[in-house]
1. Considering each of Ala113, Ala62, Ala120 in turn, give the residue that is of a type in the set (A, V, I, L, M) and out of contact with any strand residue (DSSP E or B) (no Cβ under 6 Å at 6 or more places or on another chain).
2. Could you pull out the residue among Gly112, Gly96 that is modelled with pLDDT under 95 and loosely packed, with under 14 Cβ neighbours inside 10 Å?
3. Kindly indicate which of Thr118, Thr72, Thr104 is touching a residue at least 40 places away in the same chain (Cβ under 8 Å) and hydroxyl-bearing (Ser, Thr, Tyr).
4. Tell me, yes or no, whether region 38-45 has at least one residue that is buried (at least 17 other Cβ atoms within 10 Å of the Cβ) and in a helix (DSSP H, G or I).
5. From the list Val106, Val127, pick out the single residue that is modelled with pLDDT of 95 or more and touching a strand residue (DSSP E or B) at 6+ places or on another chain (Cβ under 6 Å).
6. Could you say whether any residue in region 64-87 is among the charged types (D, E, K, R), under 12 Å from the mean Cα position of the chain (by Cα) and under 25 Å from Tyr17 (Cα atoms)?
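The values are calculated or read from the model by the stated rules, or taken from the named source; none is laboratory data. Note that the structure is predicted; figures quoted are calculated from it, not measured. With ideal geometry, Cβ positions are generated from the backbone for all residues, glycine too; neighbour counts draw on all protein chains shown.
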Amino acid sequence: MTRAFLSHDRFVLTRAYRATPARVFAAFADPDAKKSWFACGDGFDSITHELDFRVGGFERTAGVNGRGWRFTNDCLYHDIVENERMIFSYHMTINGEPFSVSMTSVVIAPEGAGARVTFAEDIYLLVDGFAIADRIEGSELLLSNLAKALGE
């Protein structure tokens with residue numbers, strides 16, 4: 001019997017934004033705002049993006065990256081505190097095959113006139129040949145896209 005691949009890791013990213021916590025939170029909560037920075041950019045073509053931002057709500061994204069790989073991201077929101085935090089889990093596939101499962105928190109705190117975002121993720125990689133560094137790079141890209149969407 002062959003054992004399936006499994007790798008677990010955790011990473012934390014912190015970014016400061018000039019936007020207020022309420023504005024940063026809105027960039028996650030509003031479907032059009034979220035799509036403008038999450039389901040796009042740097043060789044990623046979004047096919048679908050749906051967002052039901054509430055506890056028990058979902059987010060579904062599907063697209064194709066620059067390598068021609070089809071991605072899906074299915075998310076479930078477990079906890080939301082307006083302007084302060086969200087906790088969610090999500091499952092990703094590549095070309096229809098399970099790729100990863102994650103539990104993520106995004107904490108938004110006031111910092112001066114702006115906000116500090118702490119993005120923490122526990123990730124289970126299900127495919128050999130991918131490193132946690134790849135997912136960190138992807139998450140850093142998303143936080144940079146968020147900065148652009150906020151006009152920074």
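1. Answer to the selection: Ala113.
2. Checking each option against the conditions leaves just Gly96.
3. Criteria check complete, one pass: Thr118.
4. Yes, because at least one residue in region 38-45 is buried (at least 17 other Cβ atoms within 10 Å of the Cβ) and in a helix (DSSP H, G or I).
5. Every option except Val106 fails the conditions.
6. No, that holds for no residue.
So that you can scan it fast, the table gives a plain yes or no per residue for (1) among the small types (Gly, Ala, Ser); (2) within 28 Å of His8 (Cβ to Cβ):
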| position | (1), (2) |
| --- | --- |
| Ser36 | yes, no |
| Asp45 | no, no |
| Asp52 | no, no |
| Phe58 | no, yes |
| Phe71 | no, yes |
| Cys75 | no, yes |
| Ile80 | no, yes |
| Ile94 | no, yes |
